[in-house]
Every structure is written in C-alpha cells, then in structure tokens.
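**Student:** Here it is, the structure, as structure tokens.
Every read-out reported here was derived from the displayed coordinates using simple, explicitly stated rules and does not represent laboratory data. Remember, it's a predicted structure, so these values are computed and weren't measured experimentally. Note that we place each Cβ from the backbone using ideal geometry, even for glycine, and neighbour counts take in every protein chain shown.
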Amino acid sequence: MTTSLGIDKSAIRNASTVIVLRDRHVAPKILMGQRGANAVFMPNKFVFPGGAVDDGDAQVPLASPIADPCAGRLAADSAGDLAHALAVAAIRELWEETGQILGGKGVWPGAIPEGWQGFAGTGHVPLAAPLQFVFRALTPPGRPRRFDARFFLIDAADLASDLDDFSAASDELSHLQWVPLQEARRFDMPFITEVVMAEIEARARDLAPPASVPFFKNNDEENLFLRLKGG
C-alpha cells in the first residue's frame, strides 16, 4: 500500500534507535557497537543500538509512558499512535543488543510477553519516561531494507544496570563501547548516524527535549527536511 505521502508502507518498517549519553556534563560519551560483516543492512558500520518494531511491542506494559512533548511529536506525520510501540522497541533493542536496562523495579502485570523473560528476570519493568525523541529519518529508496527510524536520547544515569557490563548482550553488535563524543567521527558509521551525531553534539548538555525534531524524509517523490513540532 502506498500512502498519499508517497511512502510504500509494505516496504518500510517502523524502527527505534537509542542514543545513550554518559558523563554529559564532564566528558560526554555515547554507547556504540559494530554491525556484523554479513548483515544485510549497514554491514561493518558502527551504530547506536536499535531495530524494527515487532508486532507484539504495542502490547508490552510500560511502567511509565513517553512524556510530552515527545509523545506529541511522535504522532506528527505518522499513521496512528505509535508512541507506545516505538518506546517498547527502543527499550527491547537496547536490552537485546547491549544488555543495558531502561526500567524500574516492579512486578509484571500478568504473563511475561515472549522475548522479555530475560529482562523481567532482572526484576525490572520497561520505563519509557526518560526517552527523548530527538531525530527521525526515512531510509532512501533503493536500499535493501527501509526503515522509518525514530532516534531517542537517554542519559546513562537513567539506566538500572552496570554501565560497563555488556555480558547480557546478544551477538548482533560487537565491540560495544563508550565512545567519547568528540572522537566518534573517526569510526566508520552510516551517513545518517553522522547527521544525528551533530544533533547530539549540539545538545549534549541540554537536559530539555528539543524545541522541534528534525525529520529526514526520503520518499520516492522527493527528499524533504522537516521539523516536527507536534502537540
């Protein structure tokens, strides 16, 4: 199905990416890892943890939702209310790819959803309030996979886990490390990651959500750079 905006929804998946910022007021660092050489999407590139929204993400309970104004901006230029599912995907991907926990102590209501047993076993329930929506990018046409990716910024102080312990991580990302923000550009990273990096550098010490969110919208008809202000 193609929408009036020229986006083929059958070929594009919603996705969440998490930028974790550590020591932001002293010597800012960001959490990155390297994708495998055989990965279909962005092989060998250094990236932030993240991935596509799963069908079940909308049903996973959150100890707290994404706060406004971020929730309102997530709804801008989107089909339906995706804020909950995007937040869950961000927390899930962060846990799966790095073993880091964005959650609060608590008991899960009802049965633990498939794939969340390890997270729940730490005694935490996913917590979305610290997620700040800071960037959005649509993968250009012609790529092997296309994503409508929302980038979320969190402070490392909001994590409930040991910041230097990646033992619970899957093998999807290798060379997990805290990269000094000033040195990050020497790594081989995707173009869009470099663009997002500039945004993070500009607001590394700013705790408030951005006044508007940049949106690189690459569809079959035109390439647009928008600012999402939302509600």
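**Student:** In the chain, how many lysine pairs have Cα atoms under 27 Å apart, counting only pairs 8 or more places apart or on different chains?
**Tutor:** Number of lysine pairs found: 7.
**Student:** Taking amide H positions as placed in the peptide plane 1.01 Å from N, state which residues far from A63 in sequence (5 or more) or on other chains have amide H under 5 Å from it.
**Tutor:** Residues meeting the amide H criterion: L127, A128.
**Student:** Given 0.36 nm per residue, what is the gain on full extension from Q182 to D206 after removing their alpha carbon distance, in nm?
**Tutor:** My answer for the length gained is 7.0 nm.
**Student:** How would you classify the chain from its alpha-carbon gyration tensor, with a ≥ b ≥ c the square roots of the eigenvalues: rounded for a/c under 1.5, else prolate if a/b is greater than b/c, otherwise oblate?
**Tutor:** rounded
**Student:** With +1 on each Lys and Arg Cβ and -1 on each Asp and Glu Cβ, and nothing else charged, work out how big the dipole of the range 53-121 is about its Cα centre, in Debye to the nearest 20.
**Tutor:** Rounded to the nearest 20 debye, it is 320 debye.
**Student:** For the chain, what does the relative contact order come out to in percent, with C-alpha contacts under 8 Å and a separation of six or more?
**Tutor:** 29 percent
**Student:** What FRET efficiency do you get for A111 and S167 if R0 is 30 Å and r is their Cβ-Cβ distance, rounded to the nearest 0.05?
**Tutor:** Plugging the Cβ-Cβ distance into 1/(1 + (r/R0)^6) gives 0.65.
**Student:** While we're on this one: Step through the residues of the range 77-83 one at a time and calculate ³J(HN,Hα) from phi using the Karplus curve (6.51 cos²θ - 1.76 cosθ + 1.60, θ = phi - 60°), rounding each to whole Hz and writing x for Gly and Pro.
**Tutor:** Values per residue, Gly and Pro as x: 6, 10, 8, x, 8, 9, 4 Hz.
**Student:** How big is the dipole moment of the chain about its Cα centre under a simple scheme where the beta carbon of each Lys and Arg is +1, that of each Asp and Glu is -1, and everything else is neutral? Debye, nearest 20, please.
**Tutor:** Its charge dipole is roughly 480 debye.
**Student:** Multiply the residue gap between N44 and A160 by 0.36 nm, knock off their C-alpha separation, and tell me the result in nm, one decimal place.
**Tutor:** Full extension of this stretch gives 38.8 nm more.
**Student:** Where the centroid of each part is defined by its Cα atoms, how far is the range 61-127 from the range 145-163 in Å?
**Tutor:** 11 Å
**Student:** Starting from the Cα of A11, step 7 Å along the direction of its Cβ; do the same at A27; then give the gap between the two resulting points in nm.
**Tutor:** 4.6 nm
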